[in-house]
Amino acid sequence: MMVIICTDGRANTDLGNLEDISEEYAYQSSKLYYSNLGDLALQHSVVVSVVTIEGTNCRLPELGQLADKTGGKVNIVHPLQLANEFQSIIEEEIIATNAKLKVLLPQTMYFLYEGNNDSVLERTFGSITADTALSTEFNIHKSKIKEVLRYSQLPIQLHFTYTLPDGRSRWRIISQRRPVTNDCTAALESIDLSVLQNHSVQFCAHLAMEGLVNEARNVALELKELIDLVMKHQKYEAYSVVYEDWENSMAPIYDDLPEYMKDKTSKKTGQENNIEGQVVKTFSDDMAKMIFHMKRYFSKTKY
């Protein structure tokens, strides 16, 4: 099932009220309401898209959670373009729903920025299209590095369950053994640059929407340094246009978000230590739209 929410202003009723978010308890209550509503839609395989009107303030940072959780779209459009936007949403082919993914790493490793040091990652998706892509980052526990380097390969396993449009359920298990090396040249030569660029956009947007602005920018700069190193090593000079397109996609993290946060912090003298925790609350609809679009970013360009 597909639901399109079209609104020209903030919710102003008691349930999910976003009209006045100055009181923190009221804001958190409304934010939780939309989060729970997104979870409910996920449980029933409902894809929710959110469309708002140019020139209005609808609090997309909170309302957009519904689309973000269920695999729908978030956009701001001119009133005369509503019909085209609805058509675009309806025509997007959903190839699977109720998709769930579990990734298992060796105990010597853990996933970054997941709020724990677990070697197991679980994700639930509302819907899957041909352009759906997921990436994450993982690392080796510092105390286990020497142990890992004693092996030539490490096992990684994925469990993927989903429901096809005709109602049939599917379950795939993918097991691989990935080579281990401390040779920088070998590592650089094995990197798929298109995958790394897709990951950098999506992952940094994920951190930003969680309110981890500094982390998002730091990770973005680290990944840019790695991408530049790969391009130099593998001589990708002929792909300068593709590189520029990727850099433009990262502009909100490199440029827009730091300037936005700098402006917000300067207006809250003496509260610099609190602005990071309240960052999503300060997002405008335009900023939220950019970040939601980045979370769905997928470039089919291959090097």
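The values are calculated or read from the model by the stated rules, or taken from the named source; none is laboratory data. The structure presented is a predicted model; accordingly, all values stated were derived computationally and were not measured. A quick note on method: Cβ atoms are made from the backbone with ideal geometry, for glycine too, and the neighbour counts reach across all protein chains shown. Please note that ligands, DNA and RNA were not included when accessible areas were found on the heavy atoms of the full protein model with its side chains. Shrake-Rupley method; radii C 1.70, N 1.55, O 1.52, S 1.80 Å.
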On a 0 to 90° scale, report how tilted helix 257-266 is relative to the longest principal axis of the chain, with both axes built from alpha carbons and the result rounded to the nearest 10. 50 degrees
Which residue, 196, 149, 72, has the largest displacement toward the positive end of the dipole of the chain when charges sit on each Cβ (Lys, Arg +1; Asp, Glu -1)? 149
In segment 41-78, the trypsin sites (Lys or Arg not before Pro) that fall in loop regions by DSSP, at most 13 other Cβ within 10 Å: none
Quick one: work out Rg over Rh on the C-alpha atoms of the chain, Rh as Kirkwood radius. 0.98
With r defined as the distance between the Cβ atoms of residue 6 and residue 259 and R0 fixed at 22 Å, what FRET efficiency is calculated, to the nearest 0.05? 0.10
Any idea how far the Cα center of segment 54-85 sits from the one of segment 4-32, in Å? 15 Å
Around residue 126: net Lys/Arg minus Asp/Glu count, Cβ-Cβ under 14 Å: +3
Report the label-to-label distance for residue 145 and residue 116 in nanometres (one decimal), using points 7 Å from each Cα along the Cα→Cβ vector. 2.6 nm
Please give the FRET efficiency for residue 44 paired with residue 284, using the beta carbon to beta carbon distance and R0 = 30 Å, rounded to the nearest 0.05. 0.45
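What does the highest-first list of 244-252, 1-9 look like by mean Cβ count within 10 Å?
By packing density, highest mean first, the sequence is 244-252, 1-9.
Give the carbon-plus-sulfur fraction of the accessible surface of segment 13-137 in %, rounded to a whole number; probe 1.4 Å, heavy atoms of protein chains only. Each step should come with its number before you reach the end.
On the way: 3070 of 6160 Å².
After summing per-atom areas, the C and S share lands at 50 percent.
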On Cα atoms only, tilt of 24-43 relative to the major axis of the chain in degrees: 70 degrees
Calculate the dipole size of the chain relative to its Cα centre from +1 charges on Lys and Arg beta carbons and -1 charges on Asp and Glu beta carbons; express the result in debye to the nearest 20. 1240 debye
Within segment 161-214, DSSP-loop trypsin sites (Lys or Arg not before Pro) with at most 10 other C-beta atoms within 10 Å are 168
Past 31 Å, Cα to Cα: identify those pairs from 232/281; 69/224; 224/289; 69/146; 100/289, in the order given. 232/281; 69/146
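What FRET efficiency comes out for residue 159 versus residue 29 if R0 is 41 angstrom and r is the Cβ-Cβ distance? Round to the nearest 0.05.
Once rounded, the FRET efficiency stands at 0.70.
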